[in-house]
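Heads up, the thing below is written out as structure tokens.
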Amino acid sequence: MSVLAPQPPGIPRPSPSPVSRPYWDAAREGRLVYQKCANCGHVPPRPLRRCWRCQGGELRWLESSGRGRLHTWTVVWRPQHPSFVTPYAPAVMAVEEGWWLVTALVGCAAEDIREDMPLEVQFHPAGGDIWLPYASPRA
Ligand SMILES: [Zn+2]
């Protein structure tokens, strides 16, 4: 039974765009941020220029608690890319502020993952200036 760990630097990395740059800048500082529409309150699943719901152009960046619960996950034993170390557990975390974070679990064994388990985000370097959010169990 091995404990899930962050991927080593060298995995394929995102390329920040002008729209997503604030997210990646915050991640490098160990902060989880998200956008929320100032008009209708919608929280989009990824950084946007305009709100999907109301077409409003004022999407504010807010800081997340980084806490939430496990919504769903899978455990990968055969990687789709040779740079990934297995096993790893891609997951969707329901963040306290009402949005979803696509992440990967660390700090527990694959056999100990449970639906709705409390999680908190931690950041690990992925190479370049990219730090990725991972979710680990919290007490
Ligand atoms: Zn809106």
Out of all the residues in the range 88-111, which are free of Cβ contacts under 8 Å to residues at least 60 places away in the same chain and either farther than 15 Å from residue 68 by Cα or of a type in the set (A, V, I, L, M, F, W, C) (or both)?
-> 90, 91, 92, 93, 94, 100, 102
Does at least one position in the range 90-106 carry a residue that is more than 16 Å from the ligand (Cβ to nearest atom) and in a loop (DSSP other than H, G, I, E, B)?
-> yes
Filter result (surrounded by fewer than 13 Cβ atoms within 10 Å (Cβ to Cβ) and either without any contact (Cβ under 8 Å) to a residue 24 or more places away in the chain or farther than 18 Å from residue 6 by Cα (or both)) within the range 75-85 | 77, 78, 80, 82
For residue 41, indicate whether it is closer than 26 Å to residue 3 by Cα and among the small types (Gly, Ala, Ser).
-> no
At least 1 residues that are modelled with pLDDT of 95 or more and near the ligand (Cβ under 10 Å from one of its atoms) in each: list the strands (runs of 3 or more DSSP E) lying fully within the range 1-79 that qualify.
-> 33-37, 59-63
Does residue 132 qualify as being touching a residue at least 60 places away in the same chain (Cβ under 8 Å), over 19 Å from residue 10 (Cβ atoms) and surrounded by 15 or more Cβ atoms within 10 Å (Cβ to Cβ)?
-> no
If you take the residues in the range 52-74 that are out of contact with any helix residue (DSSP H, G or I) (no Cβ under 6 Å at 6 or more places or on another chain) and of a type in the set (Phe, Trp, Tyr), which one is surrounded by the fewest Cβ atoms within 10 Å (Cβ to Cβ)?
-> 52
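The values are calculated or read from the model by the stated rules, or taken from the named source; none is laboratory data. Everything numeric here is computed off the predicted structure, so don't read it as measured data. Quick reminder, even Gly has a Cβ in these numbers, built from the backbone with ideal geometry, and neighbours come from all protein chains shown.
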